[in-house]
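Laboratory data are not the source of any read-out in this text; all were calculated from the coordinates shown. For clarity, every value in this text was computed on a predicted model and none was experimentally measured. All Cβ positions, even for glycine, are placed from backbone atoms using ideal geometry, and neighbour counts span all protein chains on display.
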Amino acid sequence: GHEVTAAASAGEALRLCLEAEPRCVLMDLRMPTAEDGLELIRGIKSAKPATGVVVLTGWADDIEGKPERGMVEEVFVKPARIERILAALGRLSALALALVLAGAVWAQTPARFRVAN
């Protein structure tokens with residue numbers, strides 16, 4: 001029930017994220033350098049803060065201790081078990097759907113407030 005879009009570069013991935021409303025992004029960090037991946041994380045979170053990001057990397061030191069580590073939901077060091085990756089993506093998809101539904105309910109709820117002197 002999911003639609004997957006693949007990108008060959010960090011620039012293409014960011015462009016696709018800007019054109020769509022992805023619930024989550026699964027990405028390699030080195031694209032081809034770690035700085036490309038870190039820049040992609042910053043770009044995604046700047047443009048689409050609600051989009052969850054899951055990172056695969058062969059070198060955890062490329063992201064650990066950097067500000068971008070706090071911007072992603074999960075970091076998996078290769079080789080990573082597919083079951084764990086799919087579970088993380090499932091949690092992010094479910095969370096995104098819940099937020100969308102909650103936003104729709106909130107938008108239709110009349111605002112009630114009182115102003116006191």
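What to note about this one:
- Taking amide H as placed 1.01 Å from N in the peptide plane, the amide H of Val25 sits under 5 Å from that of Gly52, Val53, Val54, each at least 5 places away or on another chain.
- Rounded to whole numbers, the Karplus 3J(HN,Hα) couplings from phi for the range 65-79 are x, 9, x, 5, 4, x, 8, 10, 7, 9, 10, 10, 8, 6, x Hz, using 6.51 cos²θ - 1.76 cosθ + 1.60 with θ = phi - 60°, and x at Gly and Pro.
- Per-residue ³J(HN,Hα) for the range 10-20, Karplus 6.51 cos²θ - 1.76 cosθ + 1.60, θ = phi - 60°, Hz, x for Gly and Pro: 5, x, 5, 4, 5, 4, 5, 5, 5, 7, 10
- Distance between modelled label sites at Glu19 and Ile82, nm, 7 Å Cα→Cβ extension: 2.8 nm
- When its C-alpha radius of gyration is set against 2.2 N^0.38 Å (N residues), the range 1-100 gives a value of 1.00.
- Potential extension, Ala7-Asp36 segment - 0.36 nm per residue separation minus Cα distance: 9.1 nm
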